[in-house]
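I have placed the structure first, in the form of structure tokens, so that the comments after it can refer back to it.
The values are calculated or read from the model by the stated rules, or taken from the named source; none is laboratory data. Note that the structure is predicted; figures quoted are calculated from it, not measured. Cβ placement follows ideal geometry from the backbone for every residue including glycine, while neighbour counts extend to all protein chains displayed.
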Amino acid sequence: MASDVKHPTWLPRILRVPPRALRQARAFTRRTLGDTLDRALRVPGWLHPDQAALLCYGAHRCPDGLIVEIGSFKGRSTVFIAKGMKPTNRLHAVDPHLGGTIGSRADVAAAKRLGTDNEFKPDSWSVFNDTLDTWEIKDSVHIIRGYSHDARADWSEPIAMLWVDGDHRYDAVRQDIDDWVPLTCPGALVAFHDTHPNYGSDPGRSVRAAILDSGMLSSGQFETFLELRNLWMMRRVSSMPAARTH
């Protein structure tokens, strides 16, 4: 499979050297998952192997504390985060696990090529729990079955890593940013999925547009840790105003 690294299309493939952080992420994930890596990549979902490696490595690199995953689907990202995180971290997986078709036509085509599950069931709840059991990570994951905005109402603890891959509509992404990003601690990692400029029918209302409009980067409180074609991971580098309570 081709790399998920952003490169100019005119650059010869032999010159497309992956960033150091991605090389480290790939190596860490191979060491951590070992012979089970290929099986982990077959868990239903749409994470590119480089994206999965970055989440696994990010979970290891982030500060001690709580990790929040918004959007678990059938557990692909959950597995990589749980396997990569330290014993001093705990993963909270937030997802209402509703039914319906998930993913763009490109996502569906990629799932077919990878041999992942493309038969959408009424909801992802049973498969998600089966995934946690299969990978023996249920004790490391606190499941919150519900919408991220509702879950935020009962949350006040600082967050060491935030993975946002839930509702991709502009307003929903902005809501997730407003709700959860203020809770991130110094050094925390914040990652978003489907951030390619061409993702979605309207670039002005895309995940990427929501991130840029939120002012995360322009505030000076965050810097890019690594950006792939369709995943953007940032690191909090300065303190933020106190989070609002609900």
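Some observations on this one:
- R169 meets the conditions (1) over 19 Å from W46 (Cβ atoms); (2) of a type in the set (K, R); (3) surrounded by fewer than 19 Cβ atoms within 10 Å (Cβ to Cβ) in every case but one. The failed one is (1).
- Any hit, the stretch 180-200, residues being touching a Leu at 6+ places or on another chain (Cβ under 9 Å) and at positive phi: yes
- Tally of residues being closer than 18 Å to L33 by Cα and in contact with a strand residue (DSSP E or B) (Cβ under 9 Å, 6 or more places away or on another chain) across the stretch 128-150: 4
- Look at the stretch 165-182: where a residue is in contact (Cβ under 8 Å) with a residue 40 or more places away in the chain, no partner that is of a type in the set (F, W, Y) and in a helix (DSSP H, G or I) sits 6+ places away or on another chain with Cβ atoms under 6 Å.
- Counting residues in the stretch 41-50 that are loosely packed, with under 13 Cβ neighbours inside 10 Å and among the aromatic types (F, W, Y) gives zero.
- Pairs with Cβ under 7 Å, 6+ apart, first in the stretch 3-23 and within 19 Å of T224 (Cα to Cα) and modelled with pLDDT of 85 or more, second surrounded by 13 or more Cβ atoms within 10 Å (Cβ to Cβ) and polar (S, T, N, Q): D4/Q51; D4/N230; P18/S3
- Of the residues in the stretch 76-86, not one is surrounded by fewer than 24 Cβ atoms within 10 Å (Cβ to Cβ) and part of a strand (DSSP E or B).
- Residue identified as in contact with a strand residue (DSSP E or B) (Cβ under 9 Å, 6 or more places away or on another chain) and surrounded by fewer than 21 Cβ atoms within 10 Å (Cβ to Cβ) among P182, P186, P197: P186
- Looking only at residues of the stretch 54-75 that are of a type in the set (A, V, I, L, M, F, W, C) and not in a strand (DSSP E or B), we find that the one that is nearest to S126 (Cα to Cα) is F73.
- Output for the stretch 210-227, where each listed residue is in contact (Cβ under 8 Å) with a residue 60 or more places away in the chain and in contact with a strand residue (DSSP E or B) (Cβ under 6 Å, 6 or more places away or on another chain): F225, L226
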